[in-house]
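The values are calculated or read from the model by the stated rules, or taken from the named source; none is laboratory data. What you are looking at is a predicted structure, and each value in this text was computed from that prediction instead of being measured. Methodologically, a virtual Cβ is constructed for each residue, glycine included, from the backbone with ideal geometry; neighbour enumeration extends over all protein chains shown. With ligands, DNA and RNA removed, areas are computed over all heavy atoms of the protein, side chains included. Shrake-Rupley method; radii C 1.70, N 1.55, O 1.52, S 1.80 Å.
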Amino acid sequence: MSQMPQQAALSKCPSCEEPLESGDRFCGACGYDLSVVPARPVDEPTLTMTGVPPQTPWPSPAHQGPAAPPPPTAPPTVGSAGVPAPGAVPPGHAAAHRPADAPSTGVPTHPGATEPHHAASAPGTSAPGTPPTAPSAHPAPPAPPLPAGAPAQPASAPTAPQGAPSTGVRFDRPAQPEVPAPQPPAQDDYTLQAPDPRAAADAAEVPAQGGGPGSTVCVACRAGRVDDDGYCENCGHAQPRERDHMEQECGPLAAVSDRGLRHHRNEDAFAVGTTTLPDGAPVSVAVVCDGVSSATRPDEASLAASRAANASLLDALPRGTHPQQAMHEAILAASEAVNALADEQPAEAREHAPQQNAPACTIVGAVVTAGLLVVGWVGDSRAYWIPVDRSAPPARLTEDDSWAAQMVAAGLMGEAEAYADHRAHAITGWLGADAYELEPHTAAFKPDRPGVVVVCTDGLWNYAESADEMAEAVPADAAARPLHAARVLVGHALDGGGHDNVTVALVPFPAVPQGAGSA
């Protein structure tokens, strides 16, 4: 699109407003260089990439005239004739779209003018591979066109021959130093999402259960190492604690424990095992403990108690100790183990933190032989009897050491009313150094038919409190598939809300011969 030369349109000098004649390049009054006045806005179409400059009138040496005096230090933004300031784009004229990745040419411009401004670059931006430059407060004006008939370019600038291959040069942007495109860093410089495969050989083994701090591979990304603090070095995922979910199947009996949906850790623990009496009759043993959350280190208390009670039973029964006496001794052994935890705390710590209670937990256990069922407990963890023949009535085998049980026993409240009270689960008996007085409870039964003993914490029976509700929740094949039934019961509690840790052990009656030894 051709344009009329800018000088033909000027009637007054932009600096002193003296009249001008057509073709004047300098003001006769003040000497103002009229070549710095920008040309009329043009469409500036996209230039071809053939290396041939556009046929724009170019001043020849014959038309340059005498040397121009320096322009005023601060030329007006808008002259009296309404001429736009250098570099300004009038409203309604959008900048032309040009490739931003072509190198600059370095073609010399006429004296007294700088290279044209690149209209496609926004202020403050730069083309790929070049450092960004800050926009100038006074952009350089484009070269003014001259009347038709002037040479297309100076004689010193070579012209690309016709038919020559494209060089990809640009004539509409200032010359810039050639900056090589940044090379991508070596692969080793990137932060890998997965650990370096070269270090994978160091991850020797993965634990069979859980993914706690002792493991080497993250359970989330399956690639990162796990620090001692229990978090993955690669993805930062907190690893599940070993006790968040535990399962064990030991011969004919099984147990499952789960953290639940509300607690940040599992404060329950269990221990199961089998052994034989002196006459070779089989014996099954299950112990379940529930840490008292208001005490310190309740998870350690439940674990110590369950292990101590289980070890005591498996030691006493083969020596001929009566199962009920063995259960009583096991509860005492569990109490001693929990008391020992309080002794591990330094005396200074006890003095400066008197508000911290000693570690404490509840306990319930069951011993099943060929014809005898013995249960023992302290606290509010329970044992239920569920017959295989569901036409026979189920039964609860334990009585809670709790505020609600005391209210019912004293006849002050009905069972439904007492257990609906917010004080219902306040226990009156527990294992711990600060217990009032340890009174182990034991009871012996001789069932007349096959069944299964459910040994559990309140995290389960809160969702199946009565014996009938528990019998309804226990699968019909629990005696034959105890691990499956234990998983179902834990799922029942989680579906009900999972407000507490959930632990349950299932012990079929009568005990099934499994040979000597313990698990």
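In table form, for the structure just shown:
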| read-out | value |
| --- | --- |
| Spin-label model distance (nm) - Asp495 vs Asp468, 7 Å beyond Cα toward Cβ | 2.0 nm |
| At R0 = 22 Å, FRET efficiency that the Cβ-Cβ distance of Ser294 and His484 yields, to 0.05 | 0.05 |
| Three-way shape label, the range 366-495, alpha-carbon gyration tensor, a/c 1.5 | prolate |
| Accessible surface, per residue, of the range 252-328 when the full set of protein chains is kept, probe 1.4 Å, Å² | 34 Å² |
| Glu249 accessible area, 1.4 Å probe, all protein chains in place, Å² to nearest 10 | 110 Å² |
| Sequence of Tyr463, Tyr419, Tyr384, Tyr436 when ordered by accessible area, the most exposed leading, probe 1.4 angstrom | Tyr436, Tyr463, Tyr419, Tyr384 |
| Net charge, Cys30 excluded, C-beta distance under 13 Å - Lys, Arg +1, Asp, Glu -1 | -3 |
| Unit charges on C-beta of K, R, D, E only; dipole of the range 359-473, Debye | 420 debye |
| Burial order of peptide ranges 389-396, 502-509 (average beta-carbon count within 10 Å, highest first) | 502-509, 389-396 |
| Full-stretch length increase - Asp448, Ala476 - with 0.36 nm per residue and alpha-carbon distance subtracted | 8.2 nm |
| Selected from Gly459, Gly411, Phe445, residue furthest toward positive end of dipole (the range 394-519; charges at beta carbon) | Phe445 |
| Accessible carbon and sulfur surface of the range 353-393 relative to its total accessible area, %, 1.4 Å | 56 percent |
| Theoretical gain in end-to-end length, Thr428 to Ala410 [0.36 nm per residue, Cα-Cα removed] | 5.0 nm |
| Nearest-20 debye value, the range 270-333 charge dipole, Cβ charges on Lys, Arg, Asp, Glu | 40 debye |
| Förster radius 60 Å - calculated FRET efficiency between Cys221 and Leu438, Cβ distance, rounded to 0.05 | 0.80 |
| Separation between Cα centres of the range 370-390 and the range 411-436, rounded to whole Å | 21 Å |
| P(r) tail fraction, the range 213-283 - alpha-carbon pairs more than 20 Å apart, % | 52 percent |
| Cα shape, the range 236-348, gyration tensor, a/c 1.5 rule | oblate |
| Ranked order, Lys446, Lys12 - accessible area, probe 1.4 Å, largest first | Lys446, Lys12 |
